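Undergrad: Here it is: the structure, laid out below.
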Amino acid sequence: MSALTAIADVPFWWLMARVSGIVGYLLIVGSMISGVVLRTRLVQKLASPVARMEWHKVLALAGLAMVAFHGLALVMDSYVTITWADLVVPGGTEYRPLWVSVGVLAMWLMVIVSLTAMWRKHLGAKAWKAIHLASYGVFAAATVHGVMAGTDSSQPWMLGIYVVSVALVAGVAARRMIAGPNAPLKRTRPGSAQASTPIAAEVAE
């Protein structure tokens, strides 16, 4: 009952800012992991190339949407003074300016990665892959932002989320590096649906 009372005493938009920040971070983690393991043998057995790519896109876009809502909640809340300009220009806020700026940079990197994913065919595979590596920067910046600027960072459960998230992303990234970027793909017949879809071709590159 005391926990519920404590939550009830928190201003609505400040609570929304905290919740959306945590959910947004978890979606970023999910997007990172799903992107790295797209071509692992285990995942290939569990889902088709189309399903694997769609899950990755859904998590990435949901993460971007939640980060946008996180910014809206911070502007609407009166606990700290954050303006619309502070959300797009690093260094403008008086509230932990350095660490909030890291969060703003993470947001812009997310936008860049998302837009270039849509323009992949025009950029070419090599340019797209080089830009897509910025996803690791998004995760690193989001982690630093959350730890240093987040209200709940001192809570054991929140620290646990950060530790587990960093361990998971680092683990799958290390596994990808050791195995190489071109893990063996499940063979498909030339006339099959999987072999003929653009998304299947994206996974295979």
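Undergrad: Could you grab me the full set of residues in region 11-28 that are more than 15 Å from residue 151 (Cβ to Cβ) and touching a helix residue (DSSP H, G or I) at 6+ places or on another chain (Cβ under 7 Å)?
TA: 27, 28
Undergrad: Keeping to region 34-53, report how many residues are surrounded by 14 or more Cβ atoms within 10 Å (Cβ to Cβ) and either in a helix (DSSP H, G or I) or aromatic (Phe, Trp, Tyr) (or both).
TA: Summing the residues that are surrounded by 14 or more Cβ atoms within 10 Å (Cβ to Cβ) and either in a helix (DSSP H, G or I) or aromatic (Phe, Trp, Tyr) (or both) in region 34-53 gives 9.
Undergrad: Let me ask something else. Could you check, for region 96-106, whether at least one of its residues is closer than 22 Å to residue 127 by Cβ, among the hydrophobic types (A, V, I, L, M, F, W, C) and in a helix (DSSP H, G or I)?
TA: For region 96-106, residues closer than 22 Å to residue 127 by Cβ, among the hydrophobic types (A, V, I, L, M, F, W, C) and in a helix (DSSP H, G or I): present.
Undergrad: Looking at 75, 104 in this structure, which one is of a type in the set (A, V, I, L, M, F, W, C) and touching a Pro at 6+ places or on another chain (Cβ under 6 Å)?
TA: 104
Undergrad: List every residue pair whose Cβ atoms lie under 9 Å apart, where the two residues are 6 or more positions apart in sequence or sit on different chains, the first residue falls within region 58-80 and is in contact (Cβ under 8 Å) with a residue 40 or more places away in the chain and among the polar types (S, T, N, Q), and the second residue, located anywhere, is buried (at least 16 other Cβ atoms within 10 Å of the Cβ) and part of a helix (DSSP H, G or I).
TA: Every condition considered, the pairs that remain are 78/13; 78/14.
Undergrad: Tell me, yes or no, whether region 113-120 has at least one residue that is under 17 Å from residue 21 (Cβ atoms), among the polar types (S, T, N, Q) and crowded, with 17+ Cβ neighbours inside 10 Å.
TA: no
Undergrad: Can you run down the residue pairs with Cβ atoms below 9 Å, 6 or more apart or on separate chains, where the first is in region 131-148 and within 14 Å of residue 27 (Cα to Cα) and the partner is polar (S, T, N, Q) and part of a helix (DSSP H, G or I)?
TA: 135/31; 138/31; 139/31; 139/165; 143/165
Undergrad: Same structure, new question: State yes or no: is residue 175 more than 17 Å from residue 53 (Cα to Cα), surrounded by 11 or more Cβ atoms within 10 Å (Cβ to Cβ), at pLDDT below 95 and of a type in the set (Lys, Arg)?
TA: Numbers: more than 17 Å from residue 53 (Cα to Cα): yes; surrounded by 11 or more Cβ atoms within 10 Å (Cβ to Cβ): yes; at pLDDT below 95: yes; of a type in the set (Lys, Arg): yes.
In short, yes.
The values are calculated or read from the model by the stated rules, or taken from the named source; none is laboratory data. Worth saying up front: this structure is predicted, and the values here are computed from it rather than measured. Cβ: placed from backbone, ideal geometry, glycine included. Neighbour counts: every protein chain shown.
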